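Right, one structure below, let's go through it.
The values are calculated or read from the model by the stated rules, or taken from the named source; none is laboratory data. Keep in mind the model is a prediction, meaning the values are calculated, not measured. Because the Cβ atoms are built from the backbone with ideal geometry, glycine has one as well, and the counts that use them run over all protein chains shown.
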Amino acid sequence: MSDTQFDILIIGSGPGGYVTAIRAAQLGFKVGIVEREHLGGICLNWGCIPTKALLRSAEIYHYMKHASNYGLKADNVSFDAAAVVQRSRGVSGRLNMGVNGLLKKNKVTIIWGEATLSKPGTVVVSKPLKSPMLPQHPEPKGTMGPGAYTAKHVIIATGARPRVLPGLEPDGKLIWTYFEAMVPPAMPKSLLVVGSGAIGIEFASIVDQIMPVEDAEIARIAQRQLEKQGLKIRTGAKVTKLQKGADNVTATIEQGGKTETITVDRVISAVGVQGNIENLGLEALGVKTEKGCILTDGFARTNVPGIYAIGDVAGPPMLAHKAEHEGVICVEKIKGLDAHPMNKEHIPGCTYCHPQVASVGLTEARAKAAGREVRIGRFPFLGNGKAIALGEDQGLIKTIFDAKTGRLVGAHMVGAEVTELIQGFVIAMGLETTEEELMHTVFPHPTLSEMMHESVLDAYGRVIHM
């Protein structure tokens, strides 16, 4: 096999792409991966990872300002915005190099450039265009460049980009996407965030319910806590006009038949993302797309043999861990292993605001709408000793069971560290765990995880500490 021939070619090196490449290499395939901007994709460089670094700085600053609540003293607490951003970029840079090392360790060939499918099995790579929005990482050493490459299997993992709505077009100065919000030259004193999904809430909100994919009860608790921190949330509202000033923006907001105007330093447009499906040659090859995403089956196969799609470009939920798992399923199926198709009901979702929100499976409303008879368990952070000791006594664990079978069909959390707790319920759902098995499980004390146990007990009238 020549240097330009591969078993599997992957377009895009985000979480889906690079994890898929590594797993394919482990399975004995000759693998190439095409990247045009930065190894690790948006998640590692401009999303999941650097935002958590920024949020960690904000969390520590919050605790320092409230040191007296813990019997401590911290005077004249302040922050250096440039240093906070610099730390975040350093975290991303470190992991970017880590992805480079992992790909080389697994003998994955990195091809630097812009990819287009000229026909099934043939990818033409041209010199990458410089992004108008993103600073580009330098091309890693030892990579291949423009040219034609062939593979029996081509996996598209090109991710997504911020959706742009008319009248909300970002200009990089006054109206930002999450890219500009990651590296602000100075911290704005006032900010309007348009959109209240995970991206919008993490940066600071404007629909019938904030966090619209979450359970309504959990979203209401999160909203109350966010409003206590000073966020002003407008639900059931829309921005009808943005008027730019010299160094501010005046927004016109309609809500309930009334109109108000507010003036802020900056606006963040967080109204969702759309798949990067353009300029890949998909239309000419007849690859089916819908609503800006590539249509696939449970094994990431498109309607054209030999062409696959994973991650954000293959549609919601647009989450890094979904992309990774989807890619593993894809290459294991290609290898002929007994791969299981993706079950999207078992994919957890996490929002890293304060308080954190995490969930898996059906919400109460969706379970009832599906005609299920359900049993609901709830346990508040107020009843947990560890939460009280941490000074984090606001939150709720909610579990949803099928009343007929006892099967766990949904779990929803709001409060401290719930993004680390949710995996317990994800495992339980994957194993088709019943309420009896969960009630017989011994949870360690004192931990936040005890609330998971108590929530299950509550669903069956056996709760102890409430």
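Restricting LYS322, LYS333 to those that are out of contact with any helix residue (DSSP H, G or I) (no Cβ under 9 Å at 6 or more places or on another chain) and part of a helix (DSSP H, G or I) reduces the list to LYS333. One residue stands out among those in region 451-464 that are surrounded by 16 or more Cβ atoms within 10 Å (Cβ to Cβ) and small (Gly, Ala, Ser): the one that is farthest from MET413 (Cα to Cα), which is ALA459.
Restricting attention to region 414-431, and to residues there that are of a type outside the set (Val, Ile, Thr) and touching a strand residue (DSSP E or B) at 6+ places or on another chain (Cβ under 6 Å), which single residue is farthest from ASP215 (Cα to Cα)? Checking each candidate, the answer is ALA428. Taking the listed residues LYS238, LYS258, the one that is surrounded by fewer than 15 Cβ atoms within 10 Å (Cβ to Cβ) and touching a strand residue (DSSP E or B) at 6+ places or on another chain (Cβ under 9 Å) is LYS238, with no other qualifying.
Here VAL99, VAL34, VAL77, VAL84 are screened, and the one residue that is over 28 Å from GLU326 (Cα atoms), touching a Leu at 6+ places or on another chain (Cβ under 8 Å) and not basic (Lys, Arg) is VAL84. Taken together, ALA74, ALA82 contain a single residue that is touching a Pro at 6+ places or on another chain (Cβ under 9 Å), over 19 Å from ILE11 (Cβ atoms) and at pLDDT below 95, which is ALA82. How many residues does region 410-466 hold that are hydroxyl-bearing (Ser, Thr, Tyr), touching a Gly at 6+ places or on another chain (Cβ under 8 Å) and modelled with pLDDT of 95 or more? The qualifying residues number 3. For region 364-385, filtering for residues that are closer than 23 Å to VAL418 by Cα, more than 27 Å from the chain's Cα centre (by Cα) and among the basic types (Lys, Arg) leaves 1. The residues listed here are LEU448, LEU438; of these, the one that is crowded, with 20+ Cβ neighbours inside 10 Å and part of a loop (DSSP other than H, G, I, E, B) is LEU448.
I'd like the full set of residues that are hydrophobic (A, V, I, L, M, F, W, C) and touching a Gly at 6+ places or on another chain (Cβ under 8 Å), limited to region 238-286. Once the filter is applied, which keeps residues that are hydrophobic (A, V, I, L, M, F, W, C) and touching a Gly at 6+ places or on another chain (Cβ under 8 Å), region 238-286 yields VAL239, LEU242, ILE268, ALA270, VAL271, ILE277. Of all residues in region 44-100, those satisfying the criterion of being under 20 Å from ALA416 (Cα atoms) and of a type in the set (Val, Ile, Thr) are ILE49, THR51, ILE60.
On inspection, LYS141 fails the criterion of being modelled with pLDDT of 95 or more, charged (D, E, K, R) and either surrounded by fewer than 17 Cβ atoms within 10 Å (Cβ to Cβ) or in the same structural domain as ARG378 (by TED's automatic domain parsing) (or both). Annotation: of all residues in region 87-136 being within 17 Å of THR4 (Cβ to Cβ) and in a loop (DSSP other than H, G, I, E, B), the one that is modelled with the lowest pLDDT is LYS127. Going through region 176-223 one residue at a time, which ones are within 28 Å of VAL360 (Cβ to Cβ), polar (S, T, N, Q) and at pLDDT 90 or above? Within region 176-223, just GLN223 meets the criteria.
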